[in-house]
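> Here you go, one structure.
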Amino acid sequence: MLEELKQKVYEANMELPRRKLITYTWGNVSGIDRASGLFVIKPSGVEYDELKPEDLVVVDLDGNKVEGKLRPSSDTETHRILYRAFPEIGGIVHTHADYFYGDIPCTRSLTKEEIEAAYELNTGNVIVETFTERKINPVFVPAVICANHGSFTWGKDAAQAVYHSVVLEEVAKMATFTELNNPKVARAPQYIQDKHFMRKHGPNAYYGQG
């Protein structure tokens with residue numbers, strides 16, 4: 001079932017240790033087949049050097065395991081909530097990388113009651129809440145930092161979600177060292193931020209060869 005998607009999600013998962021975005025098993029990648037409403041995700045606690053495509057687990061958008069001998073990632077409920085809330089996305093990455101910083105949207109902390117009731121599900125809910133309340137388009141801002149947890153990134157597929165995770169870490173690293181070198185550095189003016197975004201992603205984008 002979904003063998004091609006499993007291979008792509010496997011390759012995306014294996015990119016995390018290559019990019020030094022994870023330590024041991026602290027991370028996961030998933031990808032969804034929108035036609036069937038099923039997504040493929042890394043199994044919980046499996047070492048990356050032991051992971052095989054056939055180990056990946058298939059889950060539906062109601063949270064039921066459809067296929068797989070192993071248990072899905074403990075973060076599966078967060079992935080599920082994001083797939084349901086953000087229909088444009090096709091892949092999700094969760095990591096605990098070294099640098100988290102800057103103006104990436106950051107969620108509020110979960111309450112004790114939310115954690116005890118359904119930690120991973122409410123992690124997804126608080127991400128959706130953050131984007132809804134701040135009127136942020138998840139297509140244009142494909143990353144979030146969860147307070148007291150780590151980052152989630154997403155994209156049109158699993159490979160792009162990993163790309164965004166790499167970019168998030170690199171930008172966070174740049175911001176960290178910039179402030180270490182100049183603690184009084186000011187945030188870039190909005191018009192500069194807009195220019196850098198629009199020249200790559202706007203309707204008249206001119207970055208690259210496309």
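> Being within 25 Å of V40 (Cα to Cα) and in contact (Cβ under 8 Å) with a residue 60 or more places away in the chain, is that true of even one residue in segment 107-125?
No, every residue in segment 107-125 fails to be within 25 Å of V40 (Cα to Cα) and in contact (Cβ under 8 Å) with a residue 60 or more places away in the chain.
> Looking only at segment 168-210, which residues are aliphatic (A, V, I, L, M) and closer than 29 Å to L21 by Cα?
Filtering segment 168-210 for residues aliphatic (A, V, I, L, M) gives 168, 171-172, 174-175, 180, 185-186, 188, 192, 198, 205.
L168, V171, A172, M174, A175, L180, V185, A186, A188, I192, M198 - these are the residues of segment 168-210 that are aliphatic (A, V, I, L, M) and closer than 29 Å to L21 by Cα.
> Only one residue in D55, D33, D60, D49 is of a type in the set (D, E), farther than 21 Å from I127 by Cα and touching a Gly at 6+ places or on another chain (Cβ under 8 Å), so which one is that?
D55
> Where residues in segment 133-179 are more than 27 Å from E11 (Cα to Cα) and of a type in the set (S, T, Y), which of them is surrounded by the most Cβ atoms within 10 Å (Cβ to Cβ)?
T176
> Pick out, from segment 1-101, the strands (runs of 3 or more DSSP E) lying fully within it that include 3 or more residues that are crowded, with 16+ Cβ neighbours inside 10 Å. Steps first, answer last, please.
Numbers: elements: 27-33, 38-41, 57-60, 65-67, 91-95.
Passing ranges, in order: 27-33, 38-41, 57-60, 91-95.
> In the set T153, T132, T123, which member is at pLDDT 95 or above, among the hydroxyl-bearing types (S, T, Y) and not in a helix (DSSP H, G or I)? Break it down into steps so the answer makes sense when it comes.
On the way: T132 fails: not in a helix (DSSP H, G or I); T123 fails: not in a helix (DSSP H, G or I).
The match here is T153.
> Identify all residues within segment 21-40 that are out of contact with any helix residue (DSSP H, G or I) (no Cβ under 6 Å at 6 or more places or on another chain) and free of Cβ contacts under 8 Å to residues at least 40 places away in the same chain; write none if there are none.
Y24, T25, A35, S36, G37, L38
> Here's another thing I want to ask about it. Report yes if P183 is surrounded by 13 or more Cβ atoms within 10 Å (Cβ to Cβ) and either of a type outside the set (S, T, Y) or part of a helix (DSSP H, G or I) (or both), otherwise no.
No, not satisfied.
Let's see how each residue does on (1) closer than 15 Å to H96 by Cα; (2) of a type in the set (S, T, Y); (3) modelled with pLDDT of 95 or more:
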{"position": "M14", "(1), (2), (3)": "no, no, yes"}
{"position": "T23", "(1), (2), (3)": "yes, yes, no"}
{"position": "W26", "(1), (2), (3)": "yes, no, no"}
{"position": "R34", "(1), (2), (3)": "no, no, yes"}
{"position": "V40", "(1), (2), (3)": "no, no, yes"}
{"position": "E67", "(1), (2), (3)": "no, no, yes"}
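> Residue by residue through segment 9-55, note down the ones that are more than 16 Å from the chain's Cα centre (by Cα) and among the basic types (K, R).
If the condition is that a residue be more than 16 Å from the chain's Cα centre (by Cα) and among the basic types (K, R), then R18, R34, K52 are the ones that fit.
> For the condition closer than 19 Å to S165 by Cβ and modelled with pLDDT of 95 or more, what is the one hit in G91, G102?
From the options G91, G102, the qualifying one is G91.
The values are calculated or read from the model by the stated rules, or taken from the named source; none is laboratory data. Keep in mind it's a predicted model, so treat the numbers as computed, not measured. All Cβ positions, even for glycine, are placed from backbone atoms using ideal geometry, and neighbour counts span all protein chains on display.
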